[in-house]
Amino acid sequence: MRKYDLVIFDMDGTILNTLDDIHNAVNAALSKYGYPLKTIDETRKNVGNGFRKTLERSFAKMPQESEFEEILKDMLEYYSDHSADNTRPYDGINELIADIREAGYLTAVISNKKDSAVQDLCEEYFKNLFVESIGERQGQKLKPAPDAIYDLTKRLNISLSRTIYIGDSDVDLATAANANIDCIAVTWGFRDEEFLVKNGAKIIAHNPDDVRRILL
């Protein structure tokens, strides 16, 4: 008997390797305004709380608010045009999601990425694999707030006790904890296993087969 009915995935670092395209967008915006560029490892540490926070963390000293908003606007425009240049699903992810669905689970995505980008990337790489794909939307708090999980489970009429979240970061672990649902932390994304365990991970998956074994 299945323990869960709904499996919710994070996007960046969990189902899609988006790091290069996010990194390029950050540096394109920083370069345009004459700020020092970030290394790929710096960007890796800065992601997780949405693009605004990623950009804020890219400055040693924050610029004036008006300039920051211009830089953020340029970053988002660049990313919109280049969000799929280097982005690819992690090996075995599509097959995993298909197997989970075949076993009777509902599957969804909740991400801190802009909702338009979430929709475009799901259409490009995961067509018909999710019942809902949710990104940053006006009036909805970003993760680690549990609001998007609450809204989704209510719409689908699924209890929180029958819901599990899968993510790769401390933000995902905190989101699941705030929603009081179980969480699988994956090690192939933007944070390593030691970091995840320090941030409360109880269930660890090193590859999609581990997730398959846990759920199926």
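Coordinate-derived values only; no laboratory data. Since we're looking at a predicted model, the values are computed, not measured. Please note: Cβ atoms are built from the backbone with ideal geometry, for glycine as well, and neighbour counts cover all protein chains shown.
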Cα-based Rg and Dmax for segment 141-204, where Dmax is the largest Cα-Cα distance (Å):
11.7, 36
Packing-ranked peptide list from 157-168, 63-74, 35-46, highest mean Cβ count within 10 angstrom first, is 157-168, 35-46, 63-74
Need one number: the % of Cα-Cα pairs in segment 106-152 sitting beyond the 13 Å mark.
51 percent
Assuming R0 = 41 Å, can you tell me the calculated FRET efficiency for the pair ILE204 and LYS32, based on Cβ-Cβ distance, to the nearest 0.05?
0.55
Cα axis of helix 65-82 to longest principal axis of the chain: angle in degrees, 0 to 90, nearest 10?
60 degrees
Calculate how large, on average over all directions, the projected area of the Cα convex hull of the chain is; give the answer in nm² to one decimal.
11.5 nm²
Using helices alone, I'd like the mean residue ellipticity at 222 nm for the chain: each DSSP H run of four-plus residues gives -39500 (n - 2.57), total over residue count, nearest 500.
-13500 deg cm²/dmol
Under the Karplus relation with 6.51, -1.76 and 1.60 and θ = phi - 60°, whole-Hz ³J(HN,Hα) for segment 39-46, x at Gly and Pro, equal 7, 4, 5, 5, 5, 4, 6, 8
20 °C / 1.002 mPa s Stokes-Einstein diffusion coefficient of segment 45-109, Kirkwood radius on C-alpha pairs, µm²/s
144 µm²/s
Contour minus Cα-Cα distance for LEU156 and ARG137 (0.36 nm per residue)
5.0 nm
In segment 1-67, if every C-alpha pair distance is counted and binned at 5 Å from zero, what percent goes to each bin?
3, 15, 25, 21, 11, 8, 6, 4, 3, 2, 1, 0
For the peptides 85-96, 173-184, what is the packing order when you average, over each peptide's residues, the other Cβ atoms within 10 Å and list the highest mean first?
173-184, 85-96
Spin-label pair ILE40/GLU124, simplified geometry with 7 Å Cα→Cβ offset, distance in nm:
1.8 nm
Express the relative contact order of the chain as a whole percentage, based on alpha carbon pairs under 8 Å and six or more residues apart in sequence.
26 percent
If the only charges are +1 at each Lys and Arg Cβ and -1 at each Asp and Glu Cβ, what is the size of the charge dipole of the chain around the Cα centre, to the nearest 20 debye?
700 debye
How high is the relative contact order of segment 136-216? Use alpha-carbon pairs under 8 Å, at least six apart in sequence, and give a whole percent.
23 percent
How much length is gained if the chain between ASN86 and ALA145 is pulled fully straight, taking 0.36 nm per residue apart and subtracting their Cα-Cα distance, in nm to one decimal?
18.3 nm
Pull up the cross-link candidates among the lysines for LYS154, meaning alpha carbon to alpha carbon under 23 Å and not fewer than 8 places away within one chain.
LYS3, LYS113, LYS114, LYS141, LYS143
Rank-order 199-209, 20-30 by packing density, defined as the average count of other C-beta atoms within 10 Å over each peptide's residues, highest first.
20-30, 199-209
Inter-probe distance in nm under a simple model that places probes 7 Å from Cα toward Cβ, at PHE195 and GLU56:
1.9 nm
